[in-house]
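Colleague: Below you will find the structure I want to go over with you.
The values are calculated or read from the model by the stated rules, or taken from the named source; none is laboratory data. Nothing here was measured: the structure is a model prediction, and the numbers come from that model. Methodologically, a virtual Cβ is constructed for each residue, glycine included, from the backbone with ideal geometry; neighbour enumeration extends over all protein chains shown. To get the accessible areas, we keep the full protein, side chains included, count just its heavy atoms, and leave off ligands, DNA and RNA. Shrake-Rupley method; radii C 1.70, N 1.55, O 1.52, S 1.80 Å.
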Amino acid sequence: MKLLNGKTAIVTGASRGIGRVIALKFAEEGADVAFTDLLADEHLKSLENELKEMGVKAKGYASDASSFEKSQETVSEILKEFGNVEILVNNAGITRDGLLLRMNEKQWDMVIAINLKSVFNLTKAVLSQMMKQRNGSIINMSSVVGVKGNAGQANYAASKAGILGFTKSVALELGSRNIRCNAIAPGFIETEMTAKLDEETVKGWRKTIPLRRGGTPEDVANACVFLASEKSSYITGQTLHVDGGMLT
Ligand code: NAD
């Protein structure tokens with residue numbers, strides 16, 4: 001029996017990286033998948049096709065998660081097309097790093113809007129449907145940096161820590177409606193982005209991780225499958241650290 005049969009999931013920022021793998025794992029577990037990214041480009045189209053080939057209903061939407069109006073519009077299109085939504089993964093995120101002394105207002109505002117406000121936007125957009133269904137699992141992508149802080153990432157750390165407060169509050173407000181809300185805090189996940197880094201630097205990082213390796217997008221996606229499924233039906237308001245023991 002597949003873990004997500006009969007469920008519809010929305011995954012934001014899924015054309016690439018971790019979001020893409022989450023969408024694929026969800027489909028593997030039988031979920032229909034609506035996903036978003038900034039542009040309706042070849043990445044979006046190729047994921048949409050790959051998902052359809054797996055035998056589930058799937059559609060990609062060009063939608064800026066930092067826009068309240070666009071998020072409302074997109075979710076209502078998704079509901080028209082898919083009928084229901086049981087799972088929301090707020091995955092879209094960016095970095096605009098810099099030491100505070102040099103960080104400008106634009107770097108701050110962009111990161112807060114795309115990483116934090118987007119979580120509010122999408123959660124608001126799915127809320128009434130999930131309340132009607134009395135069933136929902138919302139998964140917010142935080143980061144080890146949101147728990148620990150990081151020099152050169154004050155904006156990113158603030159956005160990811162903000163997500164943790166939001167997650168716990170939503171869990172408290174909506175538990176009585178059977179809507180669960182949890183966060184995932186990935187550590188160092190090896191993606192296309194980190195593949196560009198100097199190998200010696202990456203080796204140094206790996207050595208500091210108790211499990212002695214960087215995480216994979218699959219590691220994060222597996223945690224999402226668990227939190228999206230009924231296997232976690234008594235878990236809400238939590239932060240699941242997917243970091244090889246980094247914070248231990
Ligand atoms: P990525 O850059 O590979 O993918 C992010 C996706 O989000 C991209 O496809 C991008 O186009 C999309 N996106 C950006 N702004 C958007 C917007 N306004 N609306 C909709 N989509 C938008 O990044 P990733 O490494 O896959 O990261 C995914 C999530 O995981 C992010 O929230 C990130 O902060 C978090 N995270 C990543 C790591 C890591 O090591 N890679 C660690 C901790 C947390």
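Colleague: Report the residue, chosen from A151, A125, A228, that carries the largest GNM mean-square fluctuation when the chain is represented by alpha-carbon nodes joined by springs under 10 Å.
Modeller: A151
Colleague: Sketch the reach of a paramagnetic label on I94 as a point 7 Å from Cα along Cα-to-Cβ, and name the residues of segment 1-28 whose backbone nitrogen lies under 20 Å away.
Modeller: Residues passing the 20 Å test: 11-20.
Colleague: Turning to a different aspect of this structure: Considering only DSSP states other than H, G, I, E and B, which trypsin sites (Lys or Arg not before Pro) in segment 173-248 qualify as loop sites with at most 10 other Cβ atoms within 10 Å?
Modeller: Sites meeting the loop and neighbour criteria: K196, R212.
Colleague: Test of understanding: in a Gaussian network model of the chain with alpha carbons linked when under 10 Å, which of K45, K132, K70 would top the mean-square fluctuation ranking?
Modeller: Maximum fluctuation in the GNM of the chain, among the listed residues, is at K132.
Colleague: A further question follows. On a 0 to 90 degree scale, rounded to 10, what angle separates helix 68-82 from the longest Cα axis of the chain?
Modeller: Orientation of helix 68-82: about 50 degrees from the principal axis.
Colleague: When the chain is modelled as a GNM with alpha-carbon springs shorter than 10 Å, which of E230, E200, E48 fluctuates the most?
Modeller: Fluctuation is largest for E200.
Colleague: Sum -39500 (n - 2.57) across every DSSP H segment of at least 4 residues in the chain, then divide by the residue count to get the 222 nm mean residue ellipticity, nearest 500.
Modeller: -14000 deg cm²/dmol
Colleague: By how many nm would the segment from K2 to K207 grow when fully extended, if each residue of separation counts as 0.36 nm and the alpha-carbon distance is taken off? Walk me through the numbers on the way to the answer.
Modeller: Working: separation 205, 0.36 × 205 = 73.80 nm, distance 3.63 nm.
Stretched out fully, the K2 to K207 stretch lengthens by 70.2 nm.
Colleague: For the chain, what is the accessible area per residue in Å², given a 1.4 Å probe and the full set of protein chains?
Modeller: 49
Colleague: Thinking of the chain as a set of Cα atoms, what percent of all their pairs are more than 30 Å apart?
Modeller: 22
Colleague: Now for a different question. Determine the share of segment 93-248's accessible area contributed by carbon and sulfur atoms, expressed in whole percent, with a 1.4 angstrom probe.
Modeller: 56
Colleague: Same structure, new question: Taking the Cα centre as origin and putting +1 on Lys and Arg beta-carbons and -1 on Asp and Glu beta-carbons, what dipole magnitude results for the chain, to the nearest 20 debye? Can you show the working numbers first?
Modeller: Numbers: 30 positive and 28 negative charges, 141 e Å.
So the magnitude is around 680 debye.
Colleague: Here's something else I'd like to know. Report the normalised scattering of segment 173-248 as log10 I(q)/I(0) at q = 0.12, 0.25, 0.26 Å⁻¹, calculated by the Debye formula with identical scatterers on the alpha carbons.
Modeller: -0.42, -1.12, -1.18
Colleague: log10 I(q)/I(0), Debye, Cα-only segment 63-203, no solvent, q = 0.09, 0.12, 0.13, 0.22 Å⁻¹?
Modeller: After summing over all Cα pairs, the log10 values are -0.31, -0.54, -0.62, -1.33.
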